[in-house]
Each structure stands twice: as structure tokens, then as C-alpha cells.
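Accompanying notes for the structure given below.
Rule-based calculations on the coordinates, nothing more; no lab input. A quick note: this is a predicted structure, and the numbers were derived from the prediction, not measured. With ideal geometry, Cβ positions are generated from the backbone for all residues, glycine too; neighbour counts draw on all protein chains shown.
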Amino acid sequence: MAIPKYLTLKEWEGFFEGRIPASTLRAEIHAGRLRCVRARPGCNAPILISDTEMERWLKEVAGKRQMALSPTEAAAANAAGGDANAS
């Protein structure tokens with residue numbers, strides 16, 4: 001069993017190249033959909049999320065979200081009979 005790697009919210013934001021901002025991760029933590037730990041006791045301690053927890057969240061929670069489509073993307077998806085984001 002491998003030891004999970006922990007990253008801060010800002011490090012995860014950098015990993016995702018800004019596509020999932022730290023504010024979204026923080027909101028998911030507050031909503032109880034993403035689990036985290038603190039680097040040390042106290043409210044100013046960095047929030048850490050393990051790679052295994054991030055993988056779980058991406059599969060179970062974030063994967064179920066639908067991206068908003070522009071009108072042209074929606075038309076293309078309807079014409080193709082499927083999801084325009086599936087490519």
C-alpha cells in the first residue's frame with residue numbers, strides 16, 4: 001500500500017492548470033464532498049488533500065457535473081446525438 005501524496009489547495013490548482021480553482025476545492029470541502037486534513041493544528045494551517053481523495057472526488061463528484069455549453073456547442077451536441085464534451 002502506497003503512502004498518499006498530499007498537496008495544498010493552491011498546489012492542486014496549479015496541477016489542474018487553473019481549471020479547478022482553489023476556491024472551488026474549498027467550497028467542496030465546506031459542503032462535505034471533499035475530505036481534507038490540516039498540516040498542523042490551528043485555523044491558519046494549510047489545508048491538504050491527498051491524491052487518493054482527489055481521485056475519488058474527481059470520479060464520484062466532479063465527474064457527475066455537467067459543463068455549461070455555449071449555444072453552438074449545444075447545437076453540435078444535439079446534432080451529433082450525444083455529448084459535445086465526450087471528444
Checklist line | Residues with amide H under 5 Å from that of Phe16, placed H, sequence gap 5 or more | finding: none
Notebook entry, point to check: Among Trp12, Cys36, Leu25, whose Cα lies farthest out toward the positive end of the dipole of segment 6-79, if unit charges sit on the beta carbon of Lys, Arg (+1) and Asp, Glu (-1)?
Noted result: Cys36
Notebook entry, point to check: Measuring from label point to label point, each 7 Å out along Cα→Cβ, what is the Ala76 to Val37 span in nm?
Noted result: 4.3 nm
